[in-house]
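Engineer: Following this message is one structure expressed as structure tokens.
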Amino acid sequence: MPVVCLSGGLGRDYQAVYACGIAAIASTTPRPMALEACMENGAELVEDEAERLTRLLAVGIRCSRLSVNATLPVNIQWR
């Protein structure tokens with residue numbers, strides 16, 4: 001099952017989590033924020049990012065339904 005990670009931030013070499021089976025990673029902070037602001041607004045930040053990811057997944061699902069033979073391009077190059 002694909003796993004999406006919601007993280008408080010993306011640090012240097014965050015891509016290393018892909019080797020652990022994580023399919024995608026997203027930051028809950030939409031901009032640089034002080035730790036205190038993140039802690040104070042944590043629930044709202046997580047809810048907002050979860051909504052953005054859900055909307056993105058819905059777009060992918062709708063796109064895949066446009067054609068009976070829809071598949072992901074095989075020439076995607078990951079980092």
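The values are calculated or read from the model by the stated rules, or taken from the named source; none is laboratory data. Everything numeric in this text was worked out from a predicted model, so none of it was measured. As a convention, Cβ positions derive from the backbone with ideal geometry for all residues, glycine included, and neighbour counts pool all protein chains shown.
Engineer: Could you give me the residue pairs with C-beta distances under 7 Å whose first residue belongs to the stretch 54-79 and is within 26 Å of ALA19 (Cα to Cα), whose second residue is at pLDDT 60 or above wherever it lies, and which are 6+ apart or on separate chains?
Structural biologist: Note: pairs meeting the criteria are ARG79/GLN15.
Engineer: I'd like the full set of residues that are surrounded by fewer than 14 Cβ atoms within 10 Å (Cβ to Cβ) and among the hydrophobic types (A, V, I, L, M, F, W, C), limited to the stretch 11-23.
Structural biologist: Matches in the stretch 11-23: ALA16, ALA19, CYS20, ALA23.
Engineer: Mind listing whichever residues of the stretch 25-47 are in contact (Cβ under 8 Å) with a residue 12 or more places away in the chain and surrounded by 14 or more Cβ atoms within 10 Å (Cβ to Cβ)?
Structural biologist: Within the stretch 25-47, ILE25, ALA26, SER27, THR28, THR29, CYS38, LEU45 meet the criteria.
Engineer: Just a yes or no: is a residue in the stretch 33-56 closer than 12 Å to LEU6 by Cβ, among the β-branched types (Val, Ile, Thr), at pLDDT 85 or above and not in a helix (DSSP H, G or I)?
Structural biologist: No, there is no match, as no residue in the stretch 33-56 is closer than 12 Å to LEU6 by Cβ, among the β-branched types (Val, Ile, Thr), at pLDDT 85 or above and not in a helix (DSSP H, G or I).
Engineer: When the residues of the stretch 1-22 are filtered to those that are more than 14 Å from the chain's Cα centre (by Cα) and part of a helix (DSSP H, G or I), which remaining residue is farthest from GLY42 (Cα to Cα)?
Structural biologist: Once the filter is applied, the top-ranked residue is ALA19.
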